Amino acid sequence: MKIAITGKGGVGKTTLAGTLARFLADRNFKVLAIDADPDANLASAIGAPKELIDQLKPISEMKDLIAERTGVQPGTYGGMFILNPKVDDIPEKFSIEYKGVKFMLLGTFQSAGSGCFCPENALLKALLRHLFVARNEVVIVDMEAGLEHLGRGTTGYVNKFIVVVEPGLRSFQTARQIKELANELLIKDVWVVGNKIQNENDKELIKKELADFKILGFMPYDPLIIESDKVGKSAYDMSESLRLALEEIWKNMQS
């Protein structure tokens, strides 16, 4: 299964990505978690210790690797480069593993018009395409709210495209904007997971405001989730209510 998770900053998409990865690894799935958000916190959400996280370097900053695979020398501007570079060996060479979850850090996609950064984007997009199309494990990608990472040749392989929302109008607005972008990329189904849910009213608000979305489930507002970040642990290890919510979300994902 290939899962892409996005949403407005601060809604809890990284919490969902990291804890869902742990949940599936505990059930003996092979899991590859990819951090494609510039505000990279997925490794912490998985629960990896700092000394392990420090071993990682974003793929986008590996200038020698990018030069080797795309045919463009570091520091050069313009010119031709390979649009479909070799990437199939990258997950094994540049990942860490914790609690059964293999993890990789993509780094920042450069915005259009950055010129010399195009080779970086070519490598990252080719890598994402490989992860979605060719890998046989569960792949979970923690994305930023924009969908620049994805191309039309990739989206057809995404089994679940999930927008995490919280009970608030700004979060709903972002979800609608993401859905419009997704439709442009021919993504047929956009699913919602509600987060920071304190009561039934919060659930009903999300159902009402996002009635045209499919809802996978709801994650609770739990002080232990907040505490987990303070003590450097995964919320998966501290919050039983979150683990129960993941059970329901996973059940609905398979239906």
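The values are calculated or read from the model by the stated rules, or taken from the named source; none is laboratory data. The model shown is predicted, which means the values in this text are computed figures rather than measured ones. Using ideal geometry, Cβ is built from the backbone for each residue, glycine included, and neighbour counts are taken over all protein chains shown.
So the values come out like this:
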{"item": "Flag for Val158 being in contact with a strand residue (DSSP E or B) (Cβ under 9 Å, 6 or more places away or on another chain), at pLDDT 90 or above and surrounded by 15 or more Cβ atoms within 10 Å (Cβ to Cβ)", "result": "no"}
{"item": "Check on Glu248, in a helix (DSSP H, G or I) and either over 20 Å from Ile46 (Cα atoms) or basic (Lys, Arg) (or both)", "result": "no"}
{"item": "Residue check, Lys207 at pLDDT 95 or above, over 17 Å from Lys13 (Cβ atoms) and not β-branched (Val, Ile, Thr)", "result": "yes"}
{"item": "Residue list for region 2-41, restricted to those being farther than 19 Å from Lys125 by Cα, among the aliphatic types (A, V, I, L, M) and modelled with pLDDT under 95", "result": "Val11"}
{"item": "Members of region 188-245 found to be in a helix (DSSP H, G or I), aliphatic (A, V, I, L, M) and touching a residue at least 24 places away in the same chain (Cβ under 8 Å), listed by number", "result": "Leu205, Ile206, Ile225, Ala235, Leu242, Ala245"}
{"item": "Restricting region 245-255 to residues that are modelled with pLDDT of 95 or more and more than 14 Å from Arg27 (Cα to Cα), the residue that is surrounded by the fewest Cβ atoms within 10 Å (Cβ to Cβ)", "result": "Glu248"}
{"item": "Failed criterion for Pro220 (all others in (1) in contact with a Gly (Cβ under 7 Å, 6 or more places away or on another chain); (2) at pLDDT 90 or above hold)", "result": "(1)"}
{"item": "Any hit, region 100-119, residues being surrounded by fewer than 18 Cβ atoms within 10 Å (Cβ to Cβ), at pLDDT below 90 and hydroxyl-bearing (Ser, Thr, Tyr)", "result": "yes"}
{"item": "Of all residues making up region 166-195, the number that are over 19 Å from the mean Cα position of the chain (by Cα) and among the basic types (Lys, Arg)", "result": "1"}
{"item": "Some residue of region 202-217 being within 20 Å of Lys99 (Cβ to Cβ), surrounded by 14 or more Cβ atoms within 10 Å (Cβ to Cβ) and either in contact with a strand residue (DSSP E or B) (Cβ under 6 Å, 6 or more places away or on another chain) or of a type in the set (Ser, Thr, Tyr) (or both)", "result": "no"}
{"item": "Filtered residues of region 151-187 (kept if outside any helix (DSSP H, G or I), hydrophobic (A, V, I, L, M, F, W, C) and free of Cβ contacts under 8 Å to residues at least 40 places away in the same chain)", "result": "Leu185, Leu186, Ile187"}
